[in-house]
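Asks: First the structure, then my questions, so here it is.
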Amino acid sequence: MKKLLPLLLALPFAAPVLAAPSAQVFDAVKKPEALDAQWRAHLCALLPQPCDVQELGLYRPRGASPNDYVVLSGEPLVMARIKRGIDAKSWQLDRLHDFSDYAQGLKKDADRPDTHLSLAPALYPMAEGKWAVAVLQTVFEGYSGGGASFDTADFIPLEGGKAVQEGIPFSCFKMIRACFSEKEYKTSKHCHDESNGSLRIAYGEAAKPGAPYEWQYTWLQSEWPQNEPKSSASSTRIRFTAKTTERADFCGGPQ
């Protein structure tokens, strides 16, 4: 053993491996009624009032302890970390992040009064120990036999304040009817033109300790044309910045 000791001391220490920054994702609870049949009413009671029970979503942070949950509310626009009681019959509010003031500012300046506000189920790394939420602004369009939705995101600090990125294309879906007769419906391989798009974010290391991470945006979009099998759908991948959002096709954008 004594002969091995000098050799062990001479070995260099391995440099610590630093994990690349990544988002904290919240997974939707598929059957919240199995936890609490009155979960909407009980959780709304923990949030600022008035609270719309139909605008609630219950989530589990990945890797969290069994009793830890997150509530996302659209009205009021808040994120709440909550815990399930030891008795499995009650909920306790752990921490509240209220974005109501930001929501009011968006509603006041909105070009379209029908814009719907919500929070994306994730936290996005701004810098070491600092996080942002994505406030989604959704526009819906209805077409005869089809429809579309367009989500843009403002990323704002978890603790509130001004947006660090605004108007970033986040996701989209568009479906336009292409069949108009009974014969076309029977013979067409696909009776719609469909588009689906979504944002991906890569996070670069900070230039120095405490500095913000570099966000790199990539837009992914698929196109499934009318009267074609799904196997013929095509995909595109475009990189863009906060200053070149027009590079993202965004399913053609809202009208």
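Asks: Determine by what factor the alpha-carbon radius of gyration of region 112-230 differs from 2.2 N^0.38 Å, reporting the quotient.
Replies: For region 112-230, the normalised Cα radius of gyration comes out at 1.41.
Asks: Taking only the alpha-carbon positions of region 77-149 and ignoring solvent, what does the Debye formula give for the base-10 log of I(q)/I(0) at q = 0.16, 0.18, 0.21, 0.26 Å⁻¹?
Replies: Taken in order of the listed q values, log10 I(q)/I(0) reads -0.79, -0.88, -1.00, -1.18.
Asks: Rank these by accessible area, largest first, 1.4 Å probe: E159, E75.
Replies: Largest accessible area first, the list is E159, E75.
Asks: Where a ≥ b ≥ c are the square roots of the eigenvalues of the C-alpha gyration tensor, would you call region 145-205 rounded, which needs a/c under 1.5, or, failing that, prolate if a/b is larger than b/c, or oblate?
Replies: Prolate, since a/c reaches 1.5 and a/b exceeds b/c.
Asks: Ranked from the most accessible area to the least, with a 1.4 Å probe and all protein chains present, what is the order of F240, F170?
Replies: Values: F240 10, F170 45 Å².
Final ranking, largest accessible area leading: F170, F240.
Asks: Show which lysines lie in cross-link reach of K108 when reach means a straight Cα distance below 18 angstrom and same-chain residues fewer than eight apart are skipped.
Replies: Qualifying lysines at Cα under 18 Å: K162.
Asks: Still on this model: What is the calculated FRET efficiency for D98 to A45, with r their C-beta to C-beta distance and R₀ = 22 Å, to the nearest 0.05?
Replies: 0.90
Asks: Accessible area per residue for region 135-255 in Å², computed with a 1.4 Å probe and the full protein assembly in place, what is it?
Replies: Working: 6940 Å² over 121 residues.
Per-residue accessible area for region 135-255 comes out at 57 Å².
Asks: Extending each Cα 7 Å along its Cβ direction at K208 and Q54, get the distance between those two points in nm, one decimal.
Replies: 5.3 nm
Asks: What do you get when you divide the Cα radius of gyration of the chain by 2.2 N^0.38 Å, with N the number of residues?
Replies: So the Cα radius of gyration is 1.29 times the expected 2.2 N^0.38 Å.
Asks: Using alpha carbons only, how many degrees (0 to 90, rounded to 10) separate the axis of helix 100-109 from the longest principal axis of the chain?
Replies: Tilt of helix 100-109: around 40 degrees.
Asks: Which one of S144, M79, A23 has its Cα pushed farthest toward the positive end of the charge dipole of the chain, where Lys and Arg give +1 and Asp and Glu give -1 at the Cβ?
Replies: A23
Asks: Once the whole set of protein chains is in place, how much accessible area is left on R95, using a 1.4 Å probe, in Å² to the nearest 10?
Replies: 130 Å²
Asks: Go through Y217, Y59, Y185 and list them by solvent-accessible area, largest first, probe radius 1.4 Å. Show your work: numbers first, answer last.
Replies: Numbers: Y217 5, Y59 45, Y185 110 Å².
So, going from the largest accessible area down, we get Y185, Y59, Y217.
Asks: Now, a different point. Between V25 and V164, what's the calculated FRET efficiency when r is the beta-carbon distance and R0 is 25 Å? Round to 0.05.
Replies: After rounding to 0.05, the efficiency reads 0.80.
Asks: Pop a pseudo-label 7 angstrom from the Cα along the beta-carbon direction at both R239 and R177 and give the gap in nm to one decimal.
Replies: 4.3 nm
The values are calculated or read from the model by the stated rules, or taken from the named source; none is laboratory data. Nothing here was measured: the structure is a model prediction, and the numbers come from that model. Neighbour counts run over all protein chains shown; Cβ positions are idealised from the backbone, glycine included. Calculation scope for accessible area: heavy atoms of the full protein, side chains included, ligands and nucleic acids excluded. Shrake-Rupley method; radii C 1.70, N 1.55, O 1.52, S 1.80 Å.
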